[in-house]
Amino acid sequence: MTSKDIKIQNSVQLLSLIIAIIGINIIAQFYFGRFDLTSEKRYSISDATMEVVENIDDIVYVKVYLDGDLPANFKKLRNSTRELLDDLRAYNGDIMYEFINPSESDDKSKRQKLYRELSKAGLSYYTIPVENKDGFAQKTVFPSALVSYKDKSIALNLLNSNRKVPLDAEIDNSIQTLELKMVNTISKLTKRKIPIVAFTVDHGELNNLHTADIAYELSKMYEVGQIEIGNNLTSLMRRVKVDSVTSKMIPSFEMLVIAQPKKKFNMKDLFLLDQYVMHGGKIVWALDAVEADMDSLQYSTSTIGMPVDLGLAEILFKYGVRLNSNLVLNRNALAIGTAEGELRTWDFFPFALPVKGHLITNNLSAVKTHFVSSMDTVGSSVIKKTVLLQTDRNSRLMPAPALIDLVDIIYRGPNPSLYYQEQQPIAILLEGEFTSVFENRMIDPRILEQKKMLDIVYKSPKTSQLVISDGDIIKNQSMSSAQGSSPYPLGYDRYSKKMFDNKKFLLNSINYMLGDNALIKLRNKQYKIRLLNKDKVAKEKLKWQLINTILPIGLIVLLGIIVGIIKKRKYAIIK
């Protein structure tokens, strides 16, 4: 082969390479792909996220106020946020973003003014002590973003922490939930109609303080409000026009939450709730069948759990569930503090364990309960009945009135022979076409005073209900201080200082019932946080610095030498 032939061959190879690169770039304009070699697919956008992102039909603009000279852990959060936004933008170019340093101005008054504006818009900030040449200084950091779509904007707080100075673990946890929070926000902004979740408040239900955390979490996805049934036949429904001639009744709220009511529901209330379901409404029932209070045990070693008549037995039975007047005890239970300052297992607070195999309970851990009752599934097989939570094996059932004795359980120890029952259902999901409890029966004329305003229906479309035999599952604990009372996160137990999955269970259930399965999948998405060993880093810092700097350069030099030797031999043979 002559030198001319070699030049022609090299030119052809170069031209082919250029054409291949141009072709790959052209194809890449129409097809996007990436390789994720992590075991938990950490860097892969989920199908649920892609579905939300690909349906965006206008500009979504994200202003991230986390930039500038940041502490190392906040830089990590910033970089992860940027990576996520780059990934989302790769699937839809209508997602645009910018990173802003709110502390950029040298003028203190301008900085303070911007801080106030951002706080007023709902963006949270932290004042972090930062070491400098003069010692320590206070630095204001906004780990927050403002997400805008058309004429709407929502503040998005990127950091999950209630501390004045967040822990590294909290920042790592926040990074895990970035995708879920971003998609939640975008989904809420771009939905044509945001579902409304309403808490009933006129039957002695839990107050705002005790539902604060679940209401706050739901508000990130839905509109959240309160409703008084108030014997008003149209309080839960409204009439809409189908066309210029006809109209129909529809639920005013996509979901009702009845959280631990204390007062009995009268017949008019039941009729309204029944018709709400018959028109396609969904209900979460969090009910106590037995009234028992730990406060009574502050003054005595025993108290009595009394059965509660809420007037709901017949309607729940018709829908497919019977709530029993008993208390379930189990040795796999929450611990409570004793007078001696010890934590002892309290059988009356059994853990509710997820029944695997359903989207709601995937990757779910134990849920804490307080004085829970057992349930049975009854009625027609037309309704699909799925047990989502149940106690552990070897349970004990104590019929009400039930003696709740500290000495018997805490100090003497329970009698094992009484714990022979199987797992007891605690939460049951009902799905299907429900039949009205008022079908084929006379209705009190006083209930039908507003009959003209209401279309009475005796068969529902496909809908769903969730029945939980413990109102405390939805109740967050609270902390009192001189400034007032504030809620703990739902599922947190302030005595054992442990976190349980009450919040995740309820959010998954409500998402599922409202058709937001994508949010459940994102919430269930997990990946391992691979933290560096700080002691090892300090001890072997120089070694790893040399490996990361000299080794790559050495490999490149070695590769250059090998290529040079190969070329030298090749052309030597040709000559």
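Read the figures in this text as sums done on the coordinates, not as results from a lab. Just so it is clear, the model here is predicted, and its values are computed rather than measured. Glycine gets a Cβ as well: all are built from the backbone with ideal geometry, and neighbour counts include every protein chain shown.
Counting only Cα atoms, I'd like the Rg/Rh figure for the stretch 211-365, Kirkwood definition for Rh.
Details: Rg = 20.1 Å, Rh = 19.2 Å.
Using Cα coordinates only, the ratio equals 1.05.
With only Lys, Arg, Asp and Glu charged, each at its Cβ (+1 for the first two, -1 for the last two), find how big the charge dipole of the stretch 205-363 is about the Cα centre; round to the nearest 20 debye. Mind dumping the intermediate values first?
Details: 15 positive and 18 negative charges, 148 e Å.
Magnitude of the dipole: close to 700 debye.
If you take the charge dipole of the stretch 47-180 about its Cα centre, with +1 on Lys and Arg Cβ and -1 on Asp and Glu Cβ, which of Asn173, Thr127, Phe99 is farthest toward its positive end?
Thr127
What is the calculated FRET efficiency for Asn548 to Asn173, with r their C-beta to C-beta distance and R₀ = 22 Å, to the nearest 0.05?
Working: r = 28 Å, r/R0 = 1.27.
Taking R0 as 22 Å, the efficiency between Asn548 and Asn173 is 0.20.
Which length gain, in nm to one decimal place, applies between Ser109 and Asp444 when the Cα-Cα distance is subtracted from 0.36 nm times their residue separation?
On the way: separation 335, 0.36 × 335 = 120.60 nm, distance 6.83 nm.
The span from Ser109 to Asp444 would gain 113.8 nm if fully extended.
Using +1 at the Cβ of each Lys and Arg and -1 at the Cβ of each Asp and Glu in the chain, identify which of Leu555, Ser464, Met499 lies farthest towards the dipole's positive end.
Leu555
What list of ³J(HN,Hα) values in whole Hz, one per residue of the stretch 104-112 in order, does the Karplus curve 6.51 cos²θ - 1.76 cosθ + 1.60 (θ = phi - 60°) give from phi, with Gly and Pro shown as x?
Once θ is set to phi - 60°, the couplings for the stretch 104-112 become 5, 5, 7, 7, 4, 5, 5, 4, 5 Hz.
Among 336-343, 89-96, how do they line up from the highest to the lowest mean number of other beta-carbon atoms within 10 Å?
On the way: 336-343: 11.2, 89-96: 15.1.
Highest mean packing first, the order is 89-96, 336-343.
With Rg and the Kirkwood Rh both taken from Cα atoms, where does Rg over Rh land for the stretch 194-266?
With Rg and the Kirkwood Rh in hand, the quotient comes to 1.05.
Show log10 I(q)/I(0) for the stretch 128-254 at q = 0.10, 0.15, 0.20 Å⁻¹, two decimals, from a solvent-free Debye sum over equal Cα scatterers.
Each listed q corresponds, in turn, to -0.54, -0.94, -1.21.
What ³J(HN,Hα) values, in whole Hz, does the Karplus curve 6.51 cos²θ - 1.76 cosθ + 1.60 give for the stretch 61-67 when θ = phi - 60°, with x put for Gly and Pro?
Values, residue by residue: 10, 10, 9, 9, 9, 10, 8 Hz.
Please list, in order along the stretch 328-343, the HN-Hα scalar couplings obtained from phi with the Karplus expression 6.51 cos²θ - 1.76 cosθ + 1.60 (θ = phi - 60°), rounded to whole Hz, x for Gly and Pro.
9, 10, 7, 6, 8, 9, 5, 8, 10, x, 9, 4, 7, x, 9, 9
Tell me, what is the FRET efficiency for Lys459 and Leu403 to the nearest 0.05, using R0 = 51 angstrom and their Cβ-Cβ distance as r? Working shown, then result.
Values: r = 44 Å, r/R0 = 0.87.
Rounded to the nearest 0.05, the efficiency is 0.70.
Quick check on the chain: what does the Kirkwood estimate of hydrodynamic radius come out to from the alpha carbon pairs, in Å? List each step's numbers first, then the result.
On the way: mean 1/r = 0.0353 Å⁻¹.
The Cα-based Kirkwood calculation yields 28.4 Å.
Explain nothing, just the number: dipole magnitude of the chain about its Cα centre with +1 on each Lys and Arg Cβ and -1 on each Asp and Glu Cβ, in debye rounded to the nearest 20.
Values: 76 positive and 63 negative charges, 523 e Å.
Roughly 2520 debye, rounded to the nearest 20.
Report, in debye and to the nearest 20, how large the dipole of the stretch 47-180 comes out about its Cα centre when Lys and Arg carry +1 and Asp and Glu carry -1 on their Cβ.
My answer is approximately 900 debye.
Add +1 for every Lys or Arg and -1 for every Asp or Glu among the other residues with Cβ under 13 Å from the Cβ of Asn548, and state the total.
Values: positive: Lys541, Lys543; negative: Glu540.
Residues close to Asn548 contribute a combined charge of +1.
Please report, in whole Å³, the volume per residue of the convex hull around the C-alpha atoms of the stretch 47-180.
Working: hull volume 15.5 nm³, N = 134.
Expressed per residue, the convex hull around the Cα atoms of the stretch 47-180 is 115 Å³.
Once the cut-off is 28 Å, how many percent of the Cα-Cα pairs in the stretch 193-524 end up in the long-distance tail?
On the way: 22925 of 54946 pairs.
Considering the stretch 193-524, 42 percent of its Cα-Cα pairs are separated by more than 28 Å.
With runs of 4+ DSSP H residues as the only contributors, calculate the mean residue ellipticity of the chain at 222 nm using -39,500 (n - 2.57) per run, divided by the residue total and rounded to the nearest 500. Kindly include the intermediate steps, with their values, before the conclusion.
Details: 13 runs with 178 residues, N = 575.
Rounded to the nearest 500, the figure is -10000 deg cm²/dmol.
Assuming 0.36 nm per residue, please report the length gained on full extension of the stretch Lys248 to Ile18 beyond their Cα-Cα distance. Walk me through the numbers on the way to the answer.
Details: separation 230, 0.36 × 230 = 82.80 nm, distance 6.55 nm.
Gain on stretching Lys248 to Ile18: 76.3 nm.
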